[in-house]
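See structure below.
The values are calculated or read from the model by the stated rules, or taken from the named source; none is laboratory data. This is a predicted model, so every value here is computed, not measured. Ideal geometry is used to build each Cβ from the backbone, glycine not excepted, and the neighbour counts take in all protein chains shown. Ligands, DNA and RNA are stripped out before the accessible areas are found, and what is left, the full protein with its side chains, is counted by its heavy atoms. Shrake-Rupley method; radii C 1.70, N 1.55, O 1.52, S 1.80 Å.
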Amino acid sequence: MSITRLAALGHEEPTLLPLARRLLTVAESGLPSMLLPGGEAFAFTMAGRRTAAGSWTLERRGTSTRYAAITALGVRFLPEDRQRAVLGGRTAEEFTGLLIESLPGVTNLGDAALIAWAAAETGHPKLSDALARVDALDEDGRPQYTVEAAWVLSAMAAARSTVDVERRFSAVRDRLLRARVGDSPLFPHATGPGLVPWYRAHVACFADQTYPLQALARAHASGDGDPEALAASEACAARICELQGDGGQWWWHYDARTGQVVEGYPVYSVHQHAMAPTALFDLTDAGGGDFGPAIRKGLRWMTDAPELAAHPEPLILDELGVTWRKVYRGDPKKAVRAARGLSTRVAPGLRLKTLDRVYRPLSVDRECRPYEFGWMLYAWQGGLI
């Protein structure tokens, strides 16, 4: 599948093919340094630090179970020798086995769902154990964060051909579809009340769109077809593509009620090179439309971000094996997002345009997280067909 996606990129926009290959090389070269000593876990982030000589060095900070699972999902598409080079001598299946062993101590539904998804896609023999942990954490009738609910559905869709998950599959599929507000094609931040404060319950992020549209597309492709799921996925995809910035930006916060942008920044590198491509590619593979132009427009932002035109700074650092995380406003305590979230609660569509002039998006967040490369590998090396 990697040949098909990359070949299509080369055919439609030849100048972008070297960029995609460059990014994939950066991902493979950078991930091993994100693996913690012992090779059993990945860091939460690699933080950039400026040296006295003016160059950049990286510092590992924290650990993340979900980032490790996402990395396994992407790495599994590499040849075995390259899997082992990234995962400290282990294959993606073997590394997933370590994550399954850790499940008794996993209390977060999203983490468990990603491990189960990785277990299904790597063909791990303890897939049933992973799904059992998901079931234990996913209480019937309890609202969940939309991203985590989407990961549960993706895990079920991936496992569907191996184990009997039909009862749970139908329930989690219906939960995701019911979460939408009115006629809006976008998804909210949670599948029900109680998880998000009232004053920002209408605000949803980009991840709240890509993971559900991907999950519903995969649900449609996993069985005999699900036109309702496919239609919901396509409607969401069409809307975020319609809202995409002139410079290819995938915006960050949306009003789930109206389908409008609440606040565009930060713009995250992972959205540009990985999360939007993997979701939209999977939708196309499942029988949806062609979102190639939007994918290519977003990818181009990685080397041509208009926000940095006046003060150029590369977002791809080949020698360090990282892509810097985001371009943001640098406003104290995320004031713009807070103001726009509150104002659009009472007046949908209100922009407070003065904030754009006061807090311009000129800052770069100089860190990189392993899941960014996991999804990048998944986007460009993976596929449903």
Out of the residues in the stretch 348-382 meeting the condition of being small (G, A, S) and surrounded by fewer than 22 Cβ atoms within 10 Å (Cβ to Cβ), tell me which one is modelled with the lowest pLDDT. G349
Scanning the stretch 134-146 for residues that are surrounded by fewer than 21 Cβ atoms within 10 Å (Cβ to Cβ) and either in a loop (DSSP other than H, G, I, E, B) or of a type outside the set (G, A, S) (or both) gives D135, L137, D138, E139, D140, G141, R142, P143, Y145
Note on W301: of the conditions (1) in contact with a helix residue (DSSP H, G or I) (Cβ under 9 Å, 6 or more places away or on another chain); (2) surrounded by 18 or more Cβ atoms within 10 Å (Cβ to Cβ); (3) at pLDDT below 95, unmet is (3)
Which pairs do you get when a residue that is farther than 23 Å from L23 by Cα and open to solvent by less than 10 Å² (accessible area, probe 1.4 Å), found in the stretch 246-275, comes within reach of a residue that is of a type in the set (A, V, I, L, M) and assigned to a helix (DSSP H, G or I), reach meaning Cβ atoms under 7 angstrom, with the pair 6+ apart or on two chains? E263/V336
Conditions (1) within 13 Å of T284 (Cα to Cα); (2) acidic (D, E); (3) open to solvent by less than 30 Å² (accessible area, probe 1.4 Å) -> E234 fails only (3)
Among what's in the stretch 49-102 and is acidic (D, E) and over 23 Å from L127 (Cα atoms), pick the residue that is surrounded by the most Cβ atoms within 10 Å (Cβ to Cβ). E59
Which one is farthest from K126 (Cα to Cα), of the residues in the stretch 148-198 that are open to solvent by less than 20 Å² (accessible area, probe 1.4 Å) and β-branched (V, I, T)? V172
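Could you check how many residues of the stretch 230-289 are assigned to a loop (DSSP other than H, G, I, E, B) and hydroxyl-bearing (S, T, Y)? Full working, then the answer.
Our first condition is that a residue be assigned to a loop (DSSP other than H, G, I, E, B); within the stretch 230-289, this holds for 244-252, 256-259, 264-266, 286-289.
Then drop every residue that is not hydroxyl-bearing (S, T, Y), which leaves 258, 265.
Total meeting the criteria: 2.
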Name the pairs whose Cβ atoms lie under 7 Å apart, with the first residue in the stretch 361-372 and closer than 10 Å to F44 by Cα and part of a loop (DSSP other than H, G, I, E, B), the second of a type outside the set (K, R) and open to solvent by 40 Å² or more (accessible area, probe 1.4 Å), and 6 or more positions between them or separate chains? R369/F44
Looking at L87, L103, L153 in this structure, which one is touching a residue at least 12 places away in the same chain (Cβ under 8 Å) and within 21 Å of A179 (Cα to Cα)? L153
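Taking V147 as the residue in question, decide whether it is aliphatic (A, V, I, L, M) and under 28 Å from Q381 (Cα atoms). So that I can check it myself, show each step before the final result.
Numbers: aliphatic (A, V, I, L, M): yes; under 28 Å from Q381 (Cα atoms): yes.
Here the answer is yes, as V147 does meet what is asked.
Okay, residues lined up against (1) under 17 Å from A69 (Cα atoms); (2) surrounded by fewer than 19 Cβ atoms within 10 Å (Cβ to Cβ); (3) under 19 Å from the mean Cα position of the chain (by Cα); (4) of a type outside the set (D, E):
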| position | (1), (2), (3), (4) |
| --- | --- |
| P14 | no, yes, no, yes |
| L17 | no, yes, no, yes |
| R21 | no, yes, no, yes |
| T25 | no, yes, no, yes |
| L31 | yes, no, yes, yes |
| L36 | yes, yes, no, yes |
| E40 | yes, yes, no, no |
| T45 | yes, no, yes, yes |
Tell me which residues, restricted to the stretch 107-129, are crowded, with 21+ Cβ neighbours inside 10 Å and farther than 18 Å from G74 by Cβ. L109, A112, L127
Looking only at residues in the stretch 206-229 that are hydrophobic (A, V, I, L, M, F, W, C) and either open to solvent by 10 Å² or more (accessible area, probe 1.4 Å) or assigned to a helix (DSSP H, G or I) (or both), which one is farthest from G259 (Cα to Cα)? A221
